[in-house]
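For reference, the structure discussed in these notes is given below.
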Amino acid sequence: MVNENLQVPDDAVEILGDCRAWFVRAATGLLAEADPVSDKAQGAFARAVGTYFDDRAASERRTFFDRLGDLTASNIALVGEMDLELEIRLGEFAARLSEGNGSELWRIYLRFVTLLGRPDLSPGDNPVGPRALASGLAALVAGLDEGHSRGMERIGRLEDVFAELLPDLYAGLNEFLISRNVSAAQPTIVTAPDAAA
């Protein structure tokens, strides 16, 4: 249900599709500038970023348990130590980039609350947040299959470059949303528990 205080654009679905294409293209361009990799690896990165966007932009709020789907004891595998280390490292990557882009991310987040008509959207579930890039990097590292230590080194190098280049990407995305007349939601109507932080 859309909050009546939100001015969701009539062409929100079209804007959302254009925004997704803009973000995936810009994020992939950022990767290409930071670390030229094969087209196949770039494609894996782009698909993962797009999938993350789609999952977070879903029209209805999904709880943690909804995201688990039909997970049962028979299809749960233990997470390996290296996988866990990679997951922790990508969490640090996303946290650092979120911290470094806080004000621009907040503006974009408020525009996504309006665009999606979702005052319950969590800032952590921003479809274009650094977690989208971390998801892309997980796919990139898996696709390159270059070994754990080299993958971790690659993430470290990319983190430094992304930290430098990401502010321009987010400023451009905010301008894109403004050009499409997506207004920022009033922070007072946001109902996500972590939005106040």
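The values are calculated or read from the model by the stated rules, or taken from the named source; none is laboratory data. It should be emphasised that the depicted structure is a prediction, and the values quoted were computed from it without experimental measurement. Here the Cβ positions follow ideal geometry from the backbone for every residue, glycine too, while neighbour counts run over all protein chains shown. We work out accessible area using only protein heavy atoms, side chains counted, and drop any ligands, DNA or RNA first. Shrake-Rupley method; radii C 1.70, N 1.55, O 1.52, S 1.80 Å.
Annotations for the structure displayed:
- Placing R0 at 25 angstrom, the Cβ-Cβ distance between Ile178 and Val13 gives a FRET efficiency of 0.85 after rounding to 0.05.
- Of the solvent-accessible surface of the stretch 18-58, computed with a 1.4 Å probe over protein heavy atoms with every protein chain present, carbon and sulfur atoms account for 50 percent.
- Per-peptide packing, taken as the mean over residues of other Cβ atoms within 10 Å, places 140-146, 108-114 in the sequence 108-114, 140-146 from highest down.
- Mean Cβ count within 10 Å, highest first, over the residues of peptides 164-171, 40-47, 10-17: 40-47, 164-171, 10-17
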